[in-house]
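A short write-up of the structure that comes next.
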Amino acid sequence: MQNQPKPEVWLRGPLPEISDYLQPAAHALLQAQEEINAKLSNFPVALLWERPADVASVGFHLQHLTGVLDRLFTYARAESLSENQLAYLKSEGQPLSSASALNELLDAFNRQILIALIQLKHTDEETLTQIRYVGRAMLPSTHLGLLFHAAEHTQRHTGQLLVTARILKQGA
């Protein structure tokens, strides 16, 4: 008997305790998490920081995904970034040299997805159209806009990460 692949997350039904308005964002984050963890389960650590055709490395994408989710969800709470968050931003793209770097990056990404889902569960629908400001320039968005962009941005980088990983594995 063949294993039937699971449908994509958005086709599995609503997630409990998350507003109907935020289901697409939660589904997108979980889909990215599933795909990244599945495709990197046997990824060679030696290739983590390789940049084929000068594109971003798999390691960078993992760092960036984690950091951006943290930052965008901070702005969505109408908060400013902390010094730790700013330091993390500056460190994105700097290779980790440990043998467990891939596991460390995946663990950090998975924790950030969990934190994001908890925040989505506790998001009051009444606040979704409220203005939120982004960055030092205080560019205006909305609460919903930030949450949507966090999901969309995660999906975009997931695609880039998966293509880069596939190219690297085929060349190895």
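Rolling a 1.4 angstrom probe over the range 70-136 with all protein chains present gives an accessible area of which 52% lies on carbon and sulfur atoms.
Work from the charge dipole of the chain (Cβ charges, +1 for Lys and Arg, -1 for Asp and Glu, about the Cα centre) and give the residue of PHE73, LEU102, ILE113 farthest towards its positive end. Of the options given, the answer is LEU102. The angle between the Cα long axis of helix 101-121 and the main principal axis of the chain comes to about 20°, on a 0 to 90 degree scale. Computed from Cα atoms, the angle from the helix 58-76 axis to the main principal axis of the chain rounds to 10 degrees. Rounded to the nearest 500, the 222 nm mean residue ellipticity of the chain from helices alone is -19000 deg cm²/dmol, with -39,500 (n - 2.57) taken per DSSP H run of at least 4 residues. Computed from Cα atoms, the angle from the helix 143-171 axis to the main principal axis of the chain rounds to 0 degrees. Residues whose amide H comes within less than 5 Å of that of ARG132, counting only those at least five positions distant or on another chain, are SER141, THR142, HIS143 (H built at 1.01 Å from N in the peptide plane). What the phi angles of the range 36-43 give under the Karplus curve with 6.51, -1.76 and 1.60, with θ = phi - 60°, is a coupling list of 5, 5, 5, 6, 9, 4, 10, 6 Hz, glycine and proline written as x. Projecting label points 7 angstrom from Cα along Cα→Cβ for LEU114 and GLN160 puts them 2.7 nm apart. In this structure the range 15-172 gives 54 Å² per residue of accessible area when probed at 1.4 Å with all protein chains present.
At 7 Å along the Cα-to-beta-carbon direction for both GLU126 and GLU104, put a label point, then send me their distance in nm to one decimal. Reported label-point gap for GLU126 and GLU104 is 4.4 nm.
Can you tell me the dipole magnitude for the chain around its Cα centre, using point charges on the Cβ only (Lys, Arg +1; Asp, Glu -1), in Debye to the nearest 20? Walk me through the numbers on the way to the answer.
On the way: 14 positive and 17 negative charges, 79 e Å.
Magnitude of the dipole: close to 380 debye.
Treating r as the C-beta distance of LEU11 and LEU139 and R0 as 41 Å, the FRET efficiency rounds to 0.75. Within straight-line reach of LYS6, meaning a Cα separation under 18 Å, sit the following aspartates and glutamates at least 8 residues removed in sequence or on another chain: GLU34, GLU35. Give the residue from LEU30, VAL55, LEU89 lying farthest towards the positive end of the charge dipole for the range 18-172; charges sit on Cβ (+1 for Lys and Arg, -1 for Asp and Glu) and the dipole is referred to the Cα centre. My answer, from the dipole projection, is VAL55.
The values are calculated or read from the model by the stated rules, or taken from the named source; none is laboratory data. Note that this is a predicted model, so its numbers are computed, not measured. Positions of Cβ are generated from backbone atoms using ideal geometry, with glycine treated the same way; all protein chains shown enter the neighbour counts. All accessible areas refer to the heavy atoms of the entire protein, side chains included, with ligands and DNA or RNA removed. Shrake-Rupley method; radii C 1.70, N 1.55, O 1.52, S 1.80 Å.
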